[in-house]
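The values are calculated or read from the model by the stated rules, or taken from the named source; none is laboratory data. Here the structure is a predicted model, which means the values were calculated and not measured. FYI the Cβ positions are ideal-geometry reconstructions off the backbone, even for glycines, and counts take in every protein chain you see. Just the protein is used for accessible areas: all its heavy atoms, side chains included, with ligands, DNA and RNA removed. Shrake-Rupley method; radii C 1.70, N 1.55, O 1.52, S 1.80 Å.
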Amino acid sequence: MTETAEQQANPLADGLSFRRTPDPCALVIFGASGDLTHKKLMPALYSLAFRQLLPARFAIVGVARTEGDDDSWRDDMKQAVQKYARDEFRQDVWDELASAMHYVSTDFADAGGEAALEKLVAREEQEHTLGGNRVYYLAVPPPAFPTIVEALGKQRSATGWTRLIVEKPFGHDLESAKKLNKLLWRHFDESEIFRIDHYLGKETVQNMLALRFANGIFEPIWNRQFIDHVQITVAESIGIEGRAGYYEQAGAIRDIFQNHLLQMLALTAMEPPIDFKADSVHNEKVKVLKALHTPGPKSVVRGQYGRGFVEGEEVVGYREEQGVASDSMTETFVAAKLFVDNWRWADTPFYVRMGKRLARRETTIAIQFKRAPHPPFEETASEGLRPNVLLVHVQPDEGVSLAIGAKVPGQGMTIRTVHMDFLYGGAFRTGMPEAYERLILDTMLGDGTLFTRSDEVEEQWLLVDAIVAAWQRDRPAFPNYAAGTWGPPSSEELLQRDGRSWRRH
Ligand code: BG6
């Protein structure tokens, strides 16, 4: 494999090129004309091709209801790659990738739909000796799952391995998630099922594990004795981007809290796994999720945005978005206080918040330590001193920052808070891979570490179901925050009641 220029110029990137290459295989994408395929999957496949990380013998088969053929799909995908890929467009890379791409237009509900697909995949397998290895990617709305899964289950190839990637949302509540798990298990083994939570594919989210378990200095203080509380923020400045049909049903609690947010919390709070194998990591995460609870309905607040200004532009309120009911009670913001009931974390609050149309895009995990027990300086000297905070910037400005007190130069003893910063861009001098690149490659390699196991998903729903049930009892006056702010006042009050506040922005 040739190294990219960025790797050659950067000694810290040594070893990046030594990953295993997956076995030859066919990747079948259901939902090939959809948004996810345009914006994430195809650009990710292009970037993998760009770095020569795809198997040497490979086929991509797109499946969707939209009329089309190989040529029209390739043209459409080429535009998507040019628009959304993180790498420059290179004709030679694209030509090679495009030559492996095929399209089947079918509605799986029609008789014969699966036969056309099977014929095409079998032809590709034979022509390119793919060994019968298949990855099926379900990038379709959940109502389409049963028909597709049943059909795939019936026509498993006689040789090679089969893996199934399931996009979120994984169910709508605990009951539907269990039903979906049962359906999948009828045809696939748990080790063949790869449930996506794309936040786990983000470098900075994985770096939480590196930070905690590759360094000797953090683990001894990573507990209730030294940590005052944890704050996790998933703030988005965008609105619902034309996805009213989905979002009206989901809301912030199902869209972000149930999956991305709880997964980040689990990685922050989990015990050290004995190794980095899928089951070892899942076992530790599920223990956290089982121990997680909210102290009561008052500890969860919700909001919905009204009109406002985001990054200088005037935007409409949620209820005015296209496809949204004018009296919609769907929440676009959630803040909560959570506790992890175990020896490490008992009584340590985890404050979390997430929302659309907030002041800016920012995902952070902030570990706030307790104050020094007895600073010997005069009170006025340390007025500018805040408690130590270890801040993981998941995005943007990926990196880690430690807030510490330092002496202000000059006479006397004045202490201020300063920051020790590690920035990915500066240290590794390389662009950050997109989450989907990692996750697609890991599936081909059969590595499920960065995916969610059935019991994790079910625990996540258990908590969400309890919160949603409590919400049935009251009807907040929506909208209750203006677009471009940091959410409703009740979010601030949640922390103020505990004598704390959200991190300043
Ligand atoms: C998706 C949600 O899972 O994550 C979207 O459905 C959200 O509503 C997106 O915008 C955020 O992902 P990222 O990677 O842009 O932070």
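Of the residues in the range 23-53, how many are part of a loop (DSSP other than H, G, I, E, B), surrounded by fewer than 23 Cβ atoms within 10 Å (Cβ to Cβ) and in contact with a helix residue (DSSP H, G or I) (Cβ under 8 Å, 6 or more places away or on another chain)? Steps first, answer last, please.
So the first thing to find is which residues in the range 23-53 are part of a loop (DSSP other than H, G, I, E, B), and the list is 23-24, 31-34, 51-53.
Filter again for surrounded by fewer than 23 Cβ atoms within 10 Å (Cβ to Cβ), leaving 23-24, 31, 33-34, 51-53.
Still in the list and also in contact with a helix residue (DSSP H, G or I) (Cβ under 8 Å, 6 or more places away or on another chain): 23-24, 31, 33, 53.
Residues flagged as part of a loop (DSSP other than H, G, I, E, B), surrounded by fewer than 23 Cβ atoms within 10 Å (Cβ to Cβ) and in contact with a helix residue (DSSP H, G or I) (Cβ under 8 Å, 6 or more places away or on another chain) within the range 23-53 amount to 5.
Any chance you could count how many residues in the range 133-163 are in a loop (DSSP other than H, G, I, E, B), out of contact with any Phe, Trp or Tyr (no Cβ under 8 Å at 6 or more places or on another chain) and closer than 21 Å to Arg65 by Cα? Step through it out loud before you land on a result.
Here is the first cut: in the range 133-163, the ones in a loop (DSSP other than H, G, I, E, B) are 133, 139-141, 155-161.
With the extra rule that they be out of contact with any Phe, Trp or Tyr (no Cβ under 8 Å at 6 or more places or on another chain), the set shrinks to 155-161.
Subset that is closer than 21 Å to Arg65 by Cα: 155.
The qualifying residues number 1.
Out of the strands (runs of 3 or more DSSP E) lying entirely within the range 295-346, which hold 1 or more residues that are closer than 22 Å to Ser490 by Cα and touching a residue at least 24 places away in the same chain (Cβ under 8 Å)?
Result: 300-303, 305-310, 333-340.
Using the structure shown, decide if Glu96 is in a helix (DSSP H, G or I) and closer than 21 Å to Ser157 by Cα.
Taking the combined requirement at face value, the residue does not satisfy it.
Among the residues of the range 451-489, what is the count of those that are in a loop (DSSP other than H, G, I, E, B), closer than 30 Å to Ala359 by Cβ and open to solvent by 10 Å² or more (accessible area, probe 1.4 Å)? Spell out the reasoning first.
Step one: filter the range 451-489 for residues in a loop (DSSP other than H, G, I, E, B), giving 451, 453, 472-480, 484, 486-488.
Among the residues that remain, those that are also closer than 30 Å to Ala359 by Cβ are: 474-480, 484, 486-488.
Of the ones still in play, those that are also open to solvent by 10 Å² or more (accessible area, probe 1.4 Å) are 474-480, 484, 486-487.
Selection size over the range 451-489: 10.
Starting from residues that are within 26 Å of Ile221 (Cα to Cα) and in contact with a Pro (Cβ under 8 Å, 6 or more places away or on another chain), keep the ones in the range 336-361 and report whichever is surrounded by the fewest Cβ atoms within 10 Å (Cβ to Cβ). Please lay out each step first, then the result.
Restricting attention to the range 336-361, the residues satisfying the condition of being within 26 Å of Ile221 (Cα to Cα) are 336-353.
Among the residues that remain, those that are also in contact with a Pro (Cβ under 8 Å, 6 or more places away or on another chain) are: 337-339.
Values: Lys337: 21, Leu338: 23, Phe339: 17.
In this case the residue turns out to be Phe339.
Hey, can you tell me all the residues within the range 207-262 that are assigned to a helix (DSSP H, G or I), within 16 Å of the ligand (Cβ to nearest atom) and either free of Cβ contacts under 8 Å to residues at least 24 places away in the same chain or acidic (Asp, Glu) (or both)?
The first filter runs over the range 207-262 and keeps only residues assigned to a helix (DSSP H, G or I), leaving 207-213, 219-221, 244-262.
Then keep just the ones that are within 16 Å of the ligand (Cβ to nearest atom); that gives 207-208, 244-262.
Once the filter is applied, which keeps residues that are assigned to a helix (DSSP H, G or I), within 16 Å of the ligand (Cβ to nearest atom) and either free of Cβ contacts under 8 Å to residues at least 24 places away in the same chain or acidic (Asp, Glu) (or both), the range 207-262 yields Glu248, Asp255.
List the number of the failed condition for Ile227; all other conditions in (1) open to solvent by 40 Å² or more (accessible area, probe 1.4 Å); (2) over 20 Å from the mean Cα position of the chain (by Cα) hold.
For Ile227, the failing item is (1).
Give all pairs with beta carbons closer than 8 Å in which a residue from the range 19-43 that is under 17 Å from Gly201 (Cα atoms) meets a residue that is assigned to a loop (DSSP other than H, G, I, E, B) and open to solvent by 30 Å² or more (accessible area, probe 1.4 Å); count only pairs at least 6 apart in sequence or on separate chains.
Close Cβ pairs (under 8 Å, with a partner that is assigned to a loop (DSSP other than H, G, I, E, B) and open to solvent by 30 Å² or more (accessible area, probe 1.4 Å)) amount to Arg19/Leu53; Lys40/Glu434; Pro43/Arg86; Pro43/Glu434.
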